[in-house]
Structures are given as C-alpha cells and as structure tokens.
Amino acid sequence: MLTILFDGVAYGMLLFIIAVGLAITLGLMNFINLAHGAFAMAGGYITVVLMNRYGVSFYLCLPIAFLVVAALGALLEGTLYRRLYSAPHLDQVLFSVGLVFMSVAAVHYLMGGQQQLIHLPPELNGRTEIFGIGVGRYRLFITAVCAVLVVALQLVLAKTRFGSQLRAAVDDGRVARGLGINVSAVFALTFAFGSGLAGLGGAMGAEILGLDPNFPLKFMVYFLIVVTVGGTSSMTGPFLAALLLGIADVAGKYYFPQIGAFVIYGVMVIMLVLRPHGLFSREGAR
Amino acid sequence: MITRRSFVAASAGLAMSALAAIPGHAQETVKVGLILPMTGPFASTGRQVEAGVRTYMAMHGDTVAGKKIELVVRDDASTADQTRRIAQELVVNEGVNVLGGFGLTPLALAVAPVINQAKIPAVVMAAATSSITEQSDYYVRSSFTLPQASVPVGTWAAENGLKRVVTLVSDYGPGIDAETWFTKEFTAKGGEIVEAVRVPLQNPDFAPYLQRVRDADPDAIFVFLPSGVGSLFMKQFADRGLAEAGIKLIATGDVTDDDLLNDMGQPALGAITGHHYSAAHDSPENKAYVEAFKSAHNGMRPNFMSVGGYDGMHLIYAALEKTGGDATGEALIEAMKGLSWTSPRGPITIDPQTRDIVQNIYMREVKEADGELYNVEFATYEAVKDPAKAEASGQ
C-alpha cells in the first residue's frame, strides 16, 4: 500500500519537473507551447548520447541537459517564439505543434526510431527498505531532486527581485516596462529556465518513461492535464495536481488494472467540473 | 459527379485491367512491393525487415529463373489506410507481382481486399496475429504467430516445476493471442494462472502492474510486450526486485529482441523466452546470415523481424524457381504452398493448407558471451504449427 503511494508520488514528481516549465510559459507568459515535450525529449537524448557514447556520469548529465536545453530554449525564444507572444492562441498552437512534428522527424533521422536506454549508476538501481516499505532508489532520487526544485522555485518566484519583476511583467507588461523592467529579457530568461527544467525532466524520465522520437506526442496529454488541473497561476497548483495524478494513475492501475489507464482522465474530468479554472486558480473559487 | 463508390469501382477496374495486361508484357523483371513502417513508432520493425530482405538479395543475387527481381520499398508509417492505398498504387501503377512486408496485424489485414481482387500473393514478413492468413487465400506468412511462440513457453513452464503464474501482456491483438494460448496450454498441463494483467499499449510506467505481480507472489510471470516497450519493462522488473523475490521471468522472444538486448544490460540476464529465431542460433546458415547482415548494416544485429524478411524473400525466389519464372499470382501462391527449406532459424515449411509457417520454437536463456548478451537456445520444440489453426482443423 505505502509502496504504491510512494511510486505514485515519485511518478507525480517526475511529471511535475517536466510540466512545470509548461506551467511557467502558459501561466506566467500566457503562451501555449505544445512543443514543451520536445524540450524534454531533447534533454533525454542529450543524456543518452553523453552517457552511451562518451561515458559521462549520469549526475553530470543532469545539469548538462538542463543547461543545453535552456540554451536551446533561449535561442528558439529569441528567433521564433518571441514573434508569437501577441499572436492569437490558435497561431501559437499551430506553430508549436509544427515544431513538435519537426522535432519528432529530426530525432528520428538523427537517432533512429528505437527505444533509447540508459544505464543508471549502480547506487541508483534496485530498492531499499525504509521503515518496512520497499522503495526504488531511483524513485527516491527523483523525489528528492523534485522536492528541492519545488522549494527553490517557490522561493525564487516569491522572494527574489527577479521573481517580483517576472510577476510584474506578467500582470501588466506596459507598466512594468514603464518602471524600467526589461520585460523581454525577463521573459527570455523565464522561457529558457522553463525549457531547461523540461530538459532536466526528460533526462531523469528516460529511465522510467522511456525515450523514443514520439516522446513529445505521447506525453503531451499528461503535461496538459497537469497544467489544466493545477491551474497556471501558482507553483503549488501544478505541483499538487502532478502529485494527485501520479498517485491516481499508479493506484488506479494497481487496484483496477482493467480500467487503470482511464483513472487519470476520470480524475481530470471530476477536477475540472469542480474547479474549472484549476485547483488554486484565482477565479477558481467562483 | 465522381462519388466515392464509383471512384473505388474505377480503381478496382484499373487494378483488374492492369492485372489482365501482365501476361501480355514480355516479362523480364519481377517486381516485389515491400510495404513497411519505415517511420513512426514501429520503424525498427521496418528497418529490420528491409535489411533482412536486402541481405537475402545481396547473398543470392537479383536474378532467379531468368527473371530480374526488382524491389520497391514504400513506407506506410504504420497507418492501415496508408498501407491499403500504397498496396493499390503498387498493384495498379507499378504492376508489382508480389506484395510483402506488413509490420503490424492491422496493416496486414488492410490489404486483403486489394490482393483478393488483384489475385497476387502477400507475404506477411512481420505481423504475428494468428488470424491474418484466414482473411484471404493470398496471404502467406514467413514470420511467426504468437500462439505458436506462446504454447511452447506454456509447455516448458508446466514441465519445469512452475505452478503459479501471472500473465502480463499488452492489451491488443497479439497480446491477447499470447495470453489466451499460454493460459490454455499451461492450465491444461496442471498450472494455475493467479492473475491476468493487461497493460495499455501506450503505457509509460510499469510500477503499479509490477507491484501487483509482486504482491500476488507467483512462481513466474509470463510476459508479452512489443519489443521497444519490452526493454523498459525488463529494467523495471529488475529494479523492483522481482527476481530476488524468486519470481522467474518467462516470455515470448519479443521482449528480449536481439536488436535491443545489449542495451538492456544486466537486468535481462537469466530471462527465459520462447521464440523462433535467435541471432545466436548455432548453424552454418545462421552464421553466414549474421555475418552478411552485420557487414552490410553497420554492425546492426539481425533480430526475429529481419529473418522474417529474409525468409519471405527466399519464399518468393523459391516459388519463382518452381514455376520456372511464371510470375502470375495464382501460379506463385500455388508454388509457395508446401515449400520447405533450411532458414537461418532452422528448418521451416509453409503449411499447404493454411499458408502459415511451420517451424521450430526454441527455449532460450539470456546469457553473456564475449561481452555481449545473447538469447542462448537450450531446448527445441520441433515443427510447431500455429496452434489456433491446428485446433480448428482438429489436429
């Protein structure tokens, strides 16, 4: 029972790391970036290539995946995304879906269509008993990394100067600009950071979610569920939504394997009926 | 106004006239149309089958019975309506004499109306659901069927002291085939199925299912999963400590696909699988095949899909030889029935009644040799027919 709960938490945490970047772009910057999964995939493939071809340690791969994907995000933000900030949402969707298909085809061409596998360092393999509960070490590692990330993100957004600049830029870009905040630089940095997190999530997820060229399409639904259920106006919403979905998914599949795959959709429908603007949305309490 | 119906009728008419025109040509080449998923999630199947076919042509030349064999390869991206459209184009525009390939069951089934009308053989080189060959008299299979691989695994399990087994399969045609036939055989021999778990095809995380298996505490778990997903499963199986908990892993060979086996690493060691082909099969035919395949494809290891392509091509060559170069559909399909030869996988026969393949199923264990992982064969079930058809005909 507790093992299932723990597996659910770990799975939810993983979803959160990948989806939080989407929550940032969607919620804070009001940009619908369906290509978010492609950034996660990039992070995964960077890890695979570094580990399998160049023998780089897994722990080193994680920050590299974050940085490289963040740089990639910054580059794309400057060249492509920026032009679409003020475009209607439909244009943004079409653009980013196009980007997804391009990334799928490009990865297929470069790396082939097969499932990519990585070999974790031995200390992350297997499982440990903690208070009589069997927990996978790698899942424990994911949970720990994610917990640190959540706290750090919340602190950055709520306590730092950059956090307040970002919130100001989102609430009213014109006034923020008038106050001397470099709105486009703030957005670029935020976008890059969100992409980097996706890359990190993809790198960490390769072991559990698998990695093949269709990754962005396969998991798009999961990210979108996390963000819609969680609402986009805070960090806590998507975090709790990801946990809820992770636990519901794992527990549903454990207790009702026949309908297990549909449990999360059921949960999503119920949540959206009860709180159509997300768990913690400002308008949600209506 | 061109309605959909009249369009179909017109194209069908075209197909017929193209067919009628074939004997009139001075036929110097025989065209083989290969339809495979070369892109999309099942691209590795397409890649392996095509490589198998090309290896055959490289080893045996491109002329047989005075005809030159011309290969036309098309990608259907594993979408059934594409497969059908491409098949129609190949028959009508390219005038192919034989179709081949077909990565998945629905893709193979999609061409039934086309081959029925054009009366040309379709060699199923990969798809493995038992019922395919019953849908048209023009299907011939050179791959395998899942019941064929699952039943021997059931026999082996029952004979080797396994009493309580959990089955875990992907929830689609082949998975259900595997589950049904394994269960039938295993319970008939006195085993007990503790639980039958079906996993969605697009399943990211096996944690809950594996925990369920662990809590049921069986002697072994019988698994069928398509090969890419299978490798993820293997890792999580090891990670959850199921092997330490004394649960054996038995499976059809899709899970320990030769193409991916090396990447799976240590967790795969000791897995017991039943299948028709292993790259480690010990025979001169296989040694020559693996060598030719690897040198032509950048060190890639041939898997069970590739051998389906290789033997499918042999089937076409041998049939042409038998007809003395007569490449009309009826002649070819008649010639294919009952052919038997020694393939890299061992002796195989095309059953003249069902046009399905009869072959040995080997029990294998994953072992390390020269720093690489291989499925090492340790027992053989000889000349296994597709059990679904054997049962239907009362054999």
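Note on the stretch B:42-84: residues that are surrounded by fewer than 18 Cβ atoms within 10 Å (Cβ to Cβ), closer than 24 Å to B:Ala112 by Cβ and more than 14 Å from chain A (Cβ to nearest Cβ) total 6. With the condition kept exactly as written, say whether any residue in the stretch B:185-192 is open to solvent by less than 10 Å² (accessible area, probe 1.4 Å) and under 25 Å from B:Ser306 (Cβ atoms). No, the conditions are met nowhere in the stretch B:185-192. Once the stretch B:179-206 is narrowed to residues that are out of contact with any strand residue (DSSP E or B) (no Cβ under 8 Å at 6 or more places or on another chain) and among the hydrophobic types (A, V, I, L, M, F, W, C), the residue that is nearest to the other protein chains (Cβ to nearest Cβ) is B:Trp181. In this structure, is A:Leu240 touching a Gly at 6+ places or on another chain (Cβ under 7 Å), open to solvent by less than 30 Å² (accessible area, probe 1.4 Å) and at pLDDT 85 or above? Judged against the criteria, A:Leu240 is not a match. Considering A:Leu75, A:Leu110, A:Leu94, A:Leu140, the condition of being within 12 Å of another protein chain (Cβ to nearest Cβ), in a helix (DSSP H, G or I) and open to solvent by 60 Å² or more (accessible area, probe 1.4 Å) is satisfied by A:Leu140 alone. Looking at B:Gly246, is it open to solvent by less than 20 Å² (accessible area, probe 1.4 Å) and either at pLDDT below 90 or in a loop (DSSP other than H, G, I, E, B) (or both)? Taking the combined requirement at face value, the residue does not satisfy it. Is it true that A:Leu124 is more than 14 Å from chain B (Cβ to nearest Cβ) and either exposed (fewer than 14 other Cβ atoms within 10 Å of the Cβ) or more than 20 Å from the chain's Cα centre (by Cα) (or both)? The answer is no for A:Leu124. Looking across the stretch B:141-178, the residues that are more than 14 Å from every other protein chain (Cβ to nearest Cβ), within 30 Å of B:Gly101 (Cβ to Cβ) and of a type in the set (Ser, Thr, Tyr) come down to B:Ser142, B:Ser143, B:Thr145, B:Ser150.
Every condition in (1) touching a Gly at 6+ places or on another chain (Cβ under 8 Å); (2) buried (at least 20 other Cβ atoms within 10 Å of the Cβ) is met by B:Tyr289 except one, and the failing one is (1).
Inclusion of B:Gly100 among residues that are surrounded by fewer than 24 Cβ atoms within 10 Å (Cβ to Cβ) and either closer than 23 Å to B:Glu330 by Cβ or of a type in the set (Val, Ile, Thr) (or both) is not warranted. Taking the conditions exactly as written (of a type in the set (D, E, K, R) and within 9 Å of another protein chain (Cβ to nearest Cβ)), does B:Asp239 satisfy them or not? Judged against the criteria, B:Asp239 is a match.
Return the residue satisfying two criteria in turn: it lies in the stretch A:245-259 and is touching a helix residue (DSSP H, G or I) at 6+ places or on another chain (Cβ under 7 Å), more than 16 Å from A:Leu209 (Cα to Cα) and part of a helix (DSSP H, G or I), and of such residues it is farthest from the other protein chains (Cβ to nearest Cβ). This residue is A:Ala248. Scanning the stretch B:341-357 for residues that are of a type in the set (A, V, I, L, M, F, W, C) and touching a Pro at 6+ places or on another chain (Cβ under 9 Å) yields a total of 1. Checking A:Leu2, A:Leu28, A:Leu15 one by one, the residue that is open to solvent by 10 Å² or more (accessible area, probe 1.4 Å) and within 14 Å of another protein chain (Cβ to nearest Cβ) is A:Leu2 and no other.
Sort out which residues of the stretch A:1-42 are touching a Ser or Thr at 6+ places or on another chain (Cβ under 7 Å), in a helix (DSSP H, G or I) and of a type in the set (Phe, Trp, Tyr), and write them in order of number. Scanning the stretch A:1-42 gives a single hit, A:Phe39.
The numbered conditions (1) more than 14 Å from every other protein chain (Cβ to nearest Cβ); (2) not in a helix (DSSP H, G or I) are all true for A:Val267 except (2). Checking each residue in the stretch B:210-233 for being surrounded by fewer than 23 Cβ atoms within 10 Å (Cβ to Cβ), within 14 Å of another protein chain (Cβ to nearest Cβ) and modelled with pLDDT of 85 or more picks out B:Gln211, B:Arg212, B:Arg214, B:Asp215, B:Ala216, B:Asp217.
The values are calculated or read from the model by the stated rules, or taken from the named source; none is laboratory data. Remember, it's a predicted structure, so these values are computed and weren't measured experimentally. Note: ideal-geometry Cβ built from the backbone for every residue, glycine included; neighbour counts use all protein chains shown. Surface areas here come from the heavy atoms of the whole protein model, side chains and all, with no ligands, DNA or RNA. Shrake-Rupley method; radii C 1.70, N 1.55, O 1.52, S 1.80 Å.
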